[in-house]
Amino acid sequence: MNADSLDGRLLFAIPKKGRLHEKCLSILAGADIQFRRHNRLDVCLVQNHNIALVFLPASDIPSFVGKGNVDLGITGHDVILEAQMQQHVTEALRLGFGKCSLQVQVPEAGPIKTVQDLAGKRVVTSFEVLSGEYFGQLDDKLNLTGDQKTKIEYVGGSVEAACALGLADGIVDLVESGDTMRAAGLHAIATVLETEAVLIKSTVPKHTEHSALIDLVTSRIAGVIAAGKYVFCQYNISRDKLAAATLVTPGRRAPTISPLEEENWVGVSTMVEKKKIAGIMDDLVKVGAEDILIFNLDNCRV
């Protein structure tokens, strides 16, 4: 591979490792973006589109997209804000995975119970910008000035160990399940930010010739994300009970209703939210639905 092989291709940045990487690969597969990545190479050509994938640290992707070095990227919403690139990138799509919270944490058995108690003390974090903004506003609210202000110190990893090592009175870190936080004897006292993975593009694109391909990729990824949220539900019900059943399954716009060979019976097809499906099936049985079938969706356009 050389620079000439990338000429004219849309460059799409993907996290090279970490919490978003594997899910991104699944999204690309669902969107039929076909590629083969060779060992140790962080750039590869897509076989069925005029695209090259660039595998980068998630923290670098907002800057690469914002400056126009790459055309599209997937990263965390928190990473964009931490890189201070929110004016330079546009969030084309929220992706619904990689959800977590940036939280203020302190030792569970310690004397600090609120963020007001922590203000003016030592805070260690990998999110220096977001933490600085959060505690800067809190310091101003509490009229803390000069040496009274909260001290923010950056560390690149193992943030949760800072309190136990005596380096900090509290930390600001990402929380997914909370297992690491609890194992370190910490608990959350405030949430700085809720975040998730996002598809981003440059606010002022360098390569306007790629706009149609950017729209196509965005549409395909949106279809994959929607397919992960919904399932296809199909059932039979007598016409006199149809009104009650469609209250349970109204569909995104309206259910599809088809007459059956048996008089006074219809078949109903509709999309329902995957996370609600168990309760929906229970409610359908209660109103008299029969032959209830659920089908997973691989992709869709909604």
* Applying the Karplus parametrisation 6.51 cos²θ - 1.76 cosθ + 1.60 with θ = phi - 60° to the phi angles of segment 260-269, what ³J(HN,Hα) value in whole Hz is obtained for each residue in order, glycine and proline being reported as x? -> 9, 4, 6, 4, 6, 10, 9, x, 10, 10
* Asked: Residues with beta-carbon under 15 Å from that of C44, excluding C44: net charge, scoring Lys, Arg +1 and Asp, Glu -1?
  -> +4
* In debye, nearest 20: dipole of the chain around its Cα centre with unit charges on the Cβ of K, R (+) and D, E (-)? -> 280
* To do: Using the Karplus curve 6.51 cos²θ - 1.76 cosθ + 1.60 with θ = phi - 60°, work out ³J(HN,Hα) for each residue of segment 153-161 in order, rounded to whole Hz, and write x for Gly and Pro.
  => 10, 8, 9, x, x, 6, 4, 5, 7
* Sort K241, K99 by accessible area with a 1.4 Å probe, largest first. => K99, K241
* Asked: In degrees from 0 to 90, rounded to the nearest 10, what is the angle of the helix 277-286 Cα long axis to the longest principal axis of the chain?
  -> 40
* Counting pairs of alpha carbon atoms under 8 Å apart in space and at least six apart in sequence, what relative contact order in percent does the chain give? -> 20
* Sorted by mean Cβ packing within 10 Å, highest first, what order do the peptides 259-265, 68-74 take? -> 68-74, 259-265
* Structure fact -> Bridge orientation stat for segment 46-180 from DSSP, antiparallel percent rounded to 5, came to 40
* Structure fact -> For the T90, V287 Cβ pair and Förster radius 30 Å, calculated FRET efficiency rounded to 0.05 is 0.10
* To do: Grab the beta carbon distance between N143 and L167, set R0 = 41 Å, and tell me the FRET efficiency rounded to 0.05.
  => 0.95
* If one computes the Cα centroid of segment 130-170 and of segment 283-302, what distance in Å separates the two points? -> 50
* Asked: Counting Lys and Arg as +1 and Asp and Glu as -1, each charge on the Cβ, what is the dipole of segment 230-296 about the Cα centre in debye, to the nearest 20?
  -> 480
* Among H38, G8, P205 the positive-end extreme of the charge dipole of the chain (Cβ point charges) -> G8
* **Alpha-carbon centroid distance for the pair segment 202-260 / segment 55-125, whole angstrom** => 30
* Helix-derived [θ] at 222 nm for the chain: sum -39500 (n - 2.57) over DSSP H runs of at least 4, divide by residue count, nearest 500? -> -8000 deg cm²/dmol
* Write down the percent of antiparallel bridges among all DSSP beta bridges whose residues are both part of the chain, to the nearest 5. => 75
* **Average accessible area per residue (Å²) across segment 230-296 - probe 1.4 Å, nucleic acids and ligands excluded** => 63
* Structure fact -> Quick note, the chain: a/c under 1.5 would make it rounded; otherwise a/b > b/c is prolate and the rest oblate (a ≥ b ≥ c, C-alpha gyration tensor); here it is oblate
* Over the chain, what percent of the accessible surface lies on carbon and sulfur atoms, probe 1.4 Å? -> 49
* Length added when fully stretched, T256-D32, from 0.36 nm per residue minus Cα-Cα -> 77.8 nm
* Degrees, to the nearest 10: 211-229 long Cα axis against longest axis of the chain -> 70
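The values are calculated or read from the model by the stated rules, or taken from the named source; none is laboratory data. Model, not experiment: these values are computed from the prediction. Here Cβ is always computed from backbone atoms with ideal geometry, including for glycine, and neighbour counts include all displayed protein chains. Heads up: the accessible areas ignore ligands, DNA and RNA and are worked out on the full protein's heavy atoms, side chains in. Shrake-Rupley method; radii C 1.70, N 1.55, O 1.52, S 1.80 Å.
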